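The values are calculated or read from the model by the stated rules, or taken from the named source; none is laboratory data. Just so you know, these numbers come straight off a predicted model, no measurement behind them. Neighbour counts run over all protein chains shown; Cβ positions are idealised from the backbone, glycine included.
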Amino acid sequence: MQNDITFYQRFKSDILVGLKVITIRDRSESHFKVGDKLRVGTFETDEYFCTIKIISVTPITLEQLTEEHAKQENMTLSDLKKVISDIYPNENHFFVIHFSLL
Ligand SMILES: CC(=O)Nc1ccn([C@H]2C[C@H](O)[C@@H](CO)O2)c(=O)n1
């Protein structure tokens, strides 16, 4: 069965133990709806590793990110901003996808 969303392999363990409960994506991955159950795979190999349930999808800009978002990503705010800027260069409009592990 196909996965619905992927994460870089390095985030897999944090997701599986509940330390990472949000992801910040661009508009191309903003179509998920509250209550959707998504199969999650690794970006590198598309290997399935868990199922998540969408709690909310909220628009945000890079400047609006706070320490609370960083905590929900299990990283510092400066690391979070760098990760996002590396993945999405020249983009400023994002969506915070809050999820729970099923
Ligand atoms: C294809 C793609 O964009 N994949 C992504 C995007 C983001 N993430 C992680 C990185 C950070 O922890 C947050 C914020 O973007 O989400 C990812 O694992 N894979």
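Taken over segment 11-36, the residue count meeting the criterion of being without any contact (Cβ under 8 Å) to a residue 24 or more places away in the chain, loosely packed, with under 11 Cβ neighbours inside 10 Å and farther than 21 Å from Ile60 by Cβ is 1.
Among the residues of segment 11-26, those that are in contact with a strand residue (DSSP E or B) (Cβ under 7 Å, 6 or more places away or on another chain), more than 8 Å from the ligand (Cβ to nearest atom) and not in a loop (DSSP other than H, G, I, E, B) comprise Lys12, Ile15, Leu16.
Of all residues in segment 47-69, at least one satisfies being within 10 Å of the ligand (Cβ to nearest atom) and either outside any loop (DSSP other than H, G, I, E, B) or out of contact with any Leu (no Cβ under 8 Å at 6 or more places or on another chain) (or both).
Identify, please: which residue in segment 70-102 is more than 14 Å from the chain's Cα centre (by Cα), without any contact (Cβ under 8 Å) to a residue 24 or more places away in the chain and not in a helix (DSSP H, G or I) and is, among those, surrounded by the most Cβ atoms within 10 Å (Cβ to Cβ)? Result: Thr76.
Only residues that are of a type in the set (Gly, Ala, Ser) and more than 25 Å from Pro89 (Cα to Cα): list them for segment 1-54, please. First the steps, then the outcome.
Restricting attention to segment 1-54, the residues satisfying the condition of being of a type in the set (Gly, Ala, Ser) are 13, 18, 28, 30, 35, 41.
Matches in segment 1-54: Ser13, Gly18, Gly35.
Scanning segment 1-10 for residues that are more than 9 Å from the ligand (Cβ to nearest atom) and surrounded by fewer than 13 Cβ atoms within 10 Å (Cβ to Cβ) yields Met1, Gln2. Could you say whether any residue in segment 36-46 is at negative phi, aliphatic (A, V, I, L, M) and in a loop (DSSP other than H, G, I, E, B)? The answer is no; no qualifying residue exists. Is there any pair with a first residue in segment 39-67 that is under 17 Å from Ser85 (Cα atoms) and a second that is modelled with pLDDT of 95 or more and acidic (Asp, Glu) whose Cβ atoms are under 9 Å apart and which are 6 or more apart or on different chains, and what are they? Correct list of pairs: Leu62/Glu91.
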